[in-house]
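Remarks on the structure that follows.
Just so it is clear, none of the values below were taken in a lab; they were calculated from the coordinates. All values derive from a computational prediction rather than experimental measurement. Heads up, the Cβs are rebuilt from the backbone with ideal geometry, glycines too, and the neighbour counts pull from every protein chain shown.
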Amino acid sequence: DDADGKTTHVKYQLLYLTDDGKIKIVENLPGNSKGFESGSQPVSIRDIPPNYKLIIKATLITEDSSKTPSISSWAITWQPKDGECRDLFTTDLRIENRGENIHLYMDKVYLTPSMYDWPLLCQNPANTRSTDSEGPGKGEGKLRWFTSIHKLGELGGEYINPVAKGSTLYIVSKDGKKIYAFDAHEGGNETIIIDREKDKAVIPDMQVTSTPAVDDNYLIVATGSTAPGGGVRNKIYAFDRFSLRRGPVWVFEYDSSICYSSAPVISDGKLYITSWSGDSSKWGVFDFSGEGNKLLCIDVDTGKLLWEYNLPAGSVSTPAVAEGKVVVCCERSLTGGTIFVLDAESGEEVWSENIGPIGHTAPVIMDGRIYVVTKTFVPPNMASVQLIALKLHERDNILWSFKLGSPPYDKVQYNKAGSIIPAAYNGRIYIVSPDGILYAINANNGEEIWYQKLYEKKIFSQPFTTSPSYAGGRIYVGTPNGKLLGVDAATGEIVLNVTTIENTPIISSPIIVDGLVIFCDSGGALYCVGELKTPSETFTGYIISHPIYLPYGCVWKKFYAKTVGDGEITFAILDRWDRPLLTGVKDGSSLKHIENKGIIKLKAAFTVNSTSVAALDEWRVTYGWEEETNETHFFEDSFKSSGKPPICTIDVQNTRVGLQPSTARYRFTYTNTTGEHTTNWIQAECTGYNGTKNRETITANLSKPNLTNITEYLEIQFSIKDTTGNETYSQWHNITWIEDKTKPVFYIDTFSPHSTSNPTPICRIEAQDKGTKGNISGINVYSARYMIEYMDNTNVTHTSEWFPAECTGRNGTTSRVTITADTSKLSFKDSIRSTNKIRFYIEDMAGNSNTSKWFEIYMDATKPTSYINNTDRIPSKTNQSPVHITAYATDEGVDASGVERVELYYRKTGESSWSKFQVDYTSPYEWDFTVGRDDGGEYELCTIAVDKAGNIEDFPSSGDVTFIFDPNPPYKPVFKSEYRFTEEAIPSFSDVKFEDDYKLDKIEYRLNFEGIHEWKTIASGINSKTITPNWNLTEEEWHQMREDEVYYIYFKVIDTLG
């Protein structure tokens, strides 16, 4: 930091997180209670227990109002102890860099396979509320999990929706004071209750009343606290999305009172958000004039205000950003417009129009048009709503208007009206009216395609306020009577109907991630419905550690790592600039080849698919004492060069006989107009005294030699003598700047798909910029393009022009990127009969470009087939688990793509739908079929094959094999803890319940004074799941019992499978 220690100070303290989520100060660290300052020595934390989850707290202090201290960086270093440097991942403070979908959870590092995010209120900056992810369809409406209100409190709210990035869900608490993170992929076949968050943060000040936004690095929330008369200076907080508990990375505070009731939008590294005065008294009089009515544009990385635009009235509407424009709307205005189109880069107004007040809804941009819901005031405090379409790039441009709802319930309270945001996809608009009618509207002409009544609104019932979402050909929406509905987007048919617990109203708009629908109810529970549908391709990720410093006088010995799961994790040792020193490193590998490397980093590369798991539990490197020699040692990793002419330094040491600093020399190579040259040896400066055994620094100032017309400095070498006169030379070190002239590379083997059943497939390939001799300019993600060769509907082949492609990563990234070409979004997609070939184009930031080869794509419209081929070995009845199943699968026909996987399905007799058991990707296809404790019964099994083109085999009308499978013993009988008999009549029983998960056959008993084989039958041939029989002891048994003594009954319960 830059505190001067006099009038400005920064005090640092180490805290830790307890298992119950509380933050406490580390007490056994001297000086920690008062705090450390940066001028002091590094603080040793060797004695802090290794299981503590550490947190750094900084308190910034100034005694001079004209000065403020600032912090540039902090870290926890690797601590050498007992011959090793070790990370147990109780904190991520030793992780310097990580890839997408890498998460630290329960003291392990995971790679989570996930492709589809929902990072904003409306999924994307254009606010279309649509995604390419699949959602649940018919028979897939299983409640996967829901959160415990008792353990976690109430989550979400009317305008607080969840967002998702890389399988992690983020949701604000109902009171607006906390942010929670959950794993969206949690759960499996059984519904579970989530009672523990993955991560959590406390909002430092005020309350959040809107949906957060998340990008690759940050989770951003804006507070919306109000007060009569306003005067509240709300704030915008950016949290590290990988570690919410650390608190905000930056805080934005406007210089006057302001309130944020809309959700932020992130686009191209910029944050856009609207505001109003925060004067709560204005809601009652419908007056949204006053101060604080703005659109702000903020740099996402720094939290700095880039520009602002003043609105004539307050805005609670989330802006839309697309096609180089930002569209912002506001409430009732007497003096100006209610919709504004601005240049997204500069904030300059393009045009504005008064189309009526606009509330909590948001404008949607699709294909050069704007779609927005406006309100019409109906005295005394009601409003009706309509959907309006406008041209994005032209003024005076209203194209059509569509009135929403049917009298008399089309009018609602003014503050509730205009809250619903339309969903837009593929030329259609989907919108719900306040009285619960879902419309599909032609986006071009505003004509109704179909409508579906979702909800019967009565006089005093709640209006519809939640927005629809589009995914995989279906519309998902929550209703005020507690139903999550899925509607076929083509026909309007309701195909999914899931009810919340106790029919609690759904108040948040659903989001769809990897086949799962997530939403909140009015009681504060967060729900997840559906089956996980992550793409089948391979996912990769990585972590790189902070630098690890070799202790003085030691050498590196070995590398160790503990991994969990069936995914792949490979390891490498890097230098301080992330260049590989050792690759293919395994648990227990020797580090002999780099034993003297002063600074190293560790790298783990993760590879998983949708069914595998890869987790890193810990990693460590060991070191030991170096054998003593008389040799002088140059610390090659310490070499530094800066400036032009350069000033170069390197560290050197001789621990046995010492150095002669006055003998330090250097020489260097350079070029001038006559060519390349090497200087003679030149005297260098060196710290230390004659005979020093300490680590010293040699400095070479290349401006001192009397050389002229040098055009480029190339390499430098150092030398020094020890006290016995022996001279030692360093390596040659590069001191030149090399221009990046190397074009990016395509990873040909990552292209997909090679076969498809879709004439307009989504194609992907990975690329990377590797630079020139260490100078890597990075990928220009906005340069990605693709071109296709296709056959039209008349069998004529065409070659297209270049079209923009999507590219992952930030501009200038040096990591691998994925280029995606979605040919289904081409304007002429309906005329494409088949896509035959595709090629890609990408540039780096230095302007080097590369065009891939043409990749052929084969059309495969034939479905694969499969069947269980060991039915003769499966008994008709069995109580042995597991049952081994094998299957045969084939994919035939012209241009057959081949079988990608085979899935085993099951269902019980009487069930109509099939449930997936497991997937096998390699032949021979086999599974060990098992069932749960409560699942004995008569089962049908079948297999479904999927080929590499995405063709899926049809489900059969009946299974390949049917058998009774009950590996579970009957349940223990249910009875009272004791029975007392005071009459002389023989005791009888009618309340002892016997039950099996399939069917009972026989029940026997004996008394404790009878022999172990003296069983008597209570019932036999039962053939039912449960029975509560009437039975009594025998007269002989009753007469053998003595008064006031306790006797015991033993039961033997046998099911139909023995």
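Here are the numbers for the structure shown:
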item: Qualifying trypsin sites (Lys or Arg not before Pro) for the stretch 385-449 [loop in DSSP, other Cβ within 10 Å: at most 15]; result: ARG395
item: The stretch 326-421: GluC sites (Glu not before Pro) falling in loop per DSSP and having at most 14 other Cβ within 10 Å; result: GLU345, GLU348, GLU394
item: Net charge, TRP854 excluded, C-beta distance under 10 Å - Lys, Arg +1, Asp, Glu -1; result: +1
item: Of SER990, ALA164, HIS677, farthest towards positive along the dipole that unit charges on Lys, Arg, Asp, Glu beta carbons give the chain; result: HIS677
item: Rounded to whole Hz, the Karplus (6.51, -1.76, 1.60) HN-Hα couplings of the stretch 341-355, x for glycine and proline; result: 10, 10, 5, 5, 8, 9, x, 6, 5, 9, 7, 9, 7, 9, 10
item: Rounded to the nearest 20 debye, dipole of the stretch 386-517 from Cβ charges on Lys, Arg, Asp, Glu; result: 260 debye
item: Charge dipole (debye, nearest 20) of the stretch 1-74; +1 at Cβ of Lys and Arg, -1 at Cβ of Asp and Glu; result: 160 debye
item: Extension gain, ILE449 back to GLN413 (0.36 nm per residue minus Cα-Cα distance, nm); result: 10.1 nm
item: Local net charge near ILE599, Cβ-Cβ under 9 Å (Lys/Arg +1, Asp/Glu -1); result: +1
item: From phi via Karplus (6.51, -1.76, 1.60), per-residue ³J(HN,Hα) for the stretch 1001-1011 in Hz, x at Gly/Pro; result: 10, 8, 10, 10, 9, 8, 8, 5, 8, 9, x
item: Cleavage-rule hits, chymotrypsin sites (Phe, Trp or Tyr not before Pro), the stretch 691-740, DSSP coil, Cβ neighbours within 10 Å at most 11; result: TRP737
item: Length gained when the stretch THR538-LYS11 is fully extended (0.36 nm per residue, less Cα-Cα span); result: 185.1 nm
item: Cα-centre dipole for the stretch 598-746 with unit charges at Cβ (Lys and Arg positive, Asp and Glu negative), debye to 20; result: 360 debye
item: Estimated distance in nm for a label pair at ASN426 and ARG576, the labels positioned 7 Å out from Cα along Cα-to-Cβ; result: 5.5 nm
item: Theoretical FRET efficiency, 1/(1+(r/R0)^6), r = Cβ-Cβ of TYR867 and ILE501, R0 45 Å, to 0.05; result: 0.65
item: Given charges at Cβ of Lys, Arg, Asp, Glu: the stretch 583-671 dipole, positive-most of ILE647, SER662, TYR623; result: ILE647
item: Zone of ASP991's modelled label, taken as backbone nitrogen in the stretch 1025-1044 under 15 Å from a point 7 Å along Cα→Cβ; result: 1028-1031
item: Spacing of the two label points (7 Å from each Cα toward its C-beta) at ILE1012 and LYS741, in nm; result: 9.0 nm
item: Among 741-754, 872-885, the order from most to least packed when residues are scored by Cβ within 10 Å on average; result: 741-754, 872-885
item: Projected-area mean, the chain, by convex hull of Cα positions, square nanometres; result: 59.4 nm²
item: Antiparallel content of DSSP bridges confined to the chain, in %, to 5; result: 95 percent
item: Neighbour net charge for GLY725 - beta-carbon separation under 15 angstrom, K R +1, D E -1; result: 0
item: Efficiency of FRET from Cβ geometry, PHE975 and LYS916, R₀ 30 Å, rounded to 0.05; result: 0.15
item: Among PRO119, THR59, PHE981 the positive-end extreme of the charge dipole of the chain (Cβ point charges); result: THR59
item: Phi-based couplings in Hz for the stretch 713-724 (Karplus 6.51, -1.76, 1.60; Gly and Pro marked x); result: 8, 10, 9, 9, 9, 10, 8, 7, 10, 8, 6, 8
item: Inter-part distance where the stretch 178-255 and the stretch 916-935 are each reduced to a Cα centre, Å; result: 40 Å
item: Most to least packed among 572-579, 976-983, 67-74, 88-95 [average Cβ atoms within 10 Å]; result: 88-95, 572-579, 67-74, 976-983
item: Fully extended contour minus Cα-Cα distance, from LYS704 to LYS1052, at 0.36 nm per residue; result: 115.3 nm
item: For the stretch 130-530, convex hull volume per residue from C-alpha positions, Å³; result: 128 Å³
item: ASP268-LYS592 FRET efficiency (beta carbon distance; Förster radius 60 Å; 0.05 resolution); result: 0.80
item: Point-to-point label distance, GLU636-GLU727, nm (Cα→Cβ direction, 7 Å offset); result: 2.1 nm
item: Sorted peptide list for 655-664, 431-440, criterion being average Cβ within 10 angstrom, highest first; result: 431-440, 655-664
